[in-house]
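The values are calculated or read from the model by the stated rules, or taken from the named source; none is laboratory data. Just so we're clear, the structure is a prediction, and the values are computed from it rather than from any experiment. Positions of Cβ are backbone-derived with ideal geometry, glycine not excepted, and every protein chain shown enters the neighbour counts. Surface areas here come from the heavy atoms of the whole protein model, side chains and all, with no ligands, DNA or RNA. Shrake-Rupley method; radii C 1.70, N 1.55, O 1.52, S 1.80 Å.
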Amino acid sequence: MITILYTFRNRDIRRIKNSLDSLAKQVSQNFNVIFVDYGSSDIISSKIRELLNQYNFVTYIHLFTAEQPWNKCKALNYAIKNLESDYCFTADADMIFHSKFTGILEKFAEPNKATYFQVGFLNEEESLKDVPFENYKTNFLTNNEATGMTLFPVEKLKLINGFDEFFHFWGAEDTDIHNRLKNLECEIVYYDTELLLLHQWHKNYRSRETQELSTELQLSGIVELNHKHLVYNLKNKTIKVNSENWGIILDKTEFNELSDVSPKKLSTEKSKIDHFLYYELPNSKEKIIAIQIKKDEIGQFEVKSILKKILGRKVTKHYTLKEINDLLLMHIVSFYHKYPYSYKISEDLKSIIFKIKKQEL
């Protein structure tokens, strides 16, 4: 039995249906699906549950990570750590499969080999069609540098502690795990004999990235940071990553515990934010820390600053909320993502609420 792993958050339900319909049409029904919902909204979660109930080969898992940045590695690791299957395939939620695809997977399933597959990308117009696999017209084909769609021996993944959970948002995690498996002397094979996978169109992360604050959690420069980490692991010939607590995610009890704590107010004053980040946060232990940082009223500090400048006095410096967002998320990604935490930007973009349970790991 091969387990196909999906990771998902707040995507177009139509694309998911197209993908699962193509699995329902597989000639070889030698697989099951684990669908990991990494914190979709209640509305989307309800819709996706309703859809998945139509497929008897799917197991749905909802994680309480709506108030955390997207992390494909953690979503996959949560499933991988508990897998009983000998092999798993990491699928993009937008993928359409050729009807003989799972039969091909079975032929390539070997205990010391990982096989990844060429993908044909569809444009926006083509993705809206409902036609047989062979009738789609691809916009372009991937080459051997695109490493995402891979059949893995599960035992090898567990030996290296799964995907590197440092990688947040998007980019580099797939290539990294291939590199580390090679260092483990696991054979990596690229399959492009025939096209078996089609990728439905959607906007990519880079096109949605903005230099402004957004309720969709973003961190400026994260793609470049992920690439540097990829290179770091490559140069150091890294095999094993994470701690032995890999694959452990914030659970419902911890989520509710964080939700019940009222945050203390913290201004955008630079010295106060710096003290919190560089002293209070790292040195607080065995307790929940909860803060709310609110945007200062327009003109409040500008007028004071102008007056102080006129009088020759020292001006108090303040961060913008976007600057604070990037500082906080960088600290979370670097030092605190293993702890139970929540991070939320208000709908009016005027405040950030951050809560974390500092506990022994």
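Okay, residues lined up against (1) at pLDDT below 95; (2) more than 12 Å from GLN68 (Cβ to Cβ); (3) assigned to a loop (DSSP other than H, G, I, E, B); (4) in contact with a strand residue (DSSP E or B) (Cβ under 8 Å, 6 or more places away or on another chain):
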residue	(1), (2), (3), (4)
ARG313	yes, yes, yes, no
TYR343	no, no, no, yes
LEU349	yes, yes, yes, no
ILE353	no, yes, no, yes
Taking the stretch 259-280, which residues are open to solvent by 70 Å² or more (accessible area, probe 1.4 Å), more than 17 Å from GLN359 (Cβ to Cβ) and assigned to a loop (DSSP other than H, G, I, E, B)? SER262
Considering each of LYS203, LYS228, LYS252, LYS272 in turn, give the residue that is touching a Phe, Trp or Tyr at 6+ places or on another chain (Cβ under 6 Å), charged (D, E, K, R) and at negative phi. LYS252
All positions within the stretch 317-333 that are open to solvent by 30 Å² or more (accessible area, probe 1.4 Å), at pLDDT 95 or above and touching a Phe, Trp or Tyr at 6+ places or on another chain (Cβ under 8 Å): LEU327
Matching residues, the stretch 1-20, being open to solvent by 60 Å² or more (accessible area, probe 1.4 Å) and more than 23 Å from VAL131 (Cβ to Cβ): MET1, ASN10
Check SER220, SER243 and return the single one that is open to solvent by less than 70 Å² (accessible area, probe 1.4 Å), under 30 Å from LYS156 (Cβ atoms), assigned to a loop (DSSP other than H, G, I, E, B) and at pLDDT below 95. SER243
Matching entry among LEU213, LEU184 (being free of Cβ contacts under 8 Å to residues at least 60 places away in the same chain, of a type in the set (A, V, I, L, M) and in contact with a helix residue (DSSP H, G or I) (Cβ under 7 Å, 6 or more places away or on another chain)): LEU184
Check on GLU134, in contact (Cβ under 8 Å) with a residue 40 or more places away in the chain and outside any loop (DSSP other than H, G, I, E, B): no
Which listed residue is within 24 Å of ASN71 (Cβ to Cβ), open to solvent by 40 Å² or more (accessible area, probe 1.4 Å) and either among the basic types (Lys, Arg) or without any contact (Cβ under 8 Å) to a residue 60 or more places away in the chain (or both), from ASN256, ASN283: ASN256
Of the residues SER28, SER40, which single one is hydroxyl-bearing (Ser, Thr, Tyr), open to solvent by 10 Å² or more (accessible area, probe 1.4 Å) and not in a strand (DSSP E or B)? SER28
When the residues of the stretch 223-240 are filtered to those that are in a helix (DSSP H, G or I) and basic (Lys, Arg), which remaining residue is surrounded by the most Cβ atoms within 10 Å (Cβ to Cβ)? LYS228
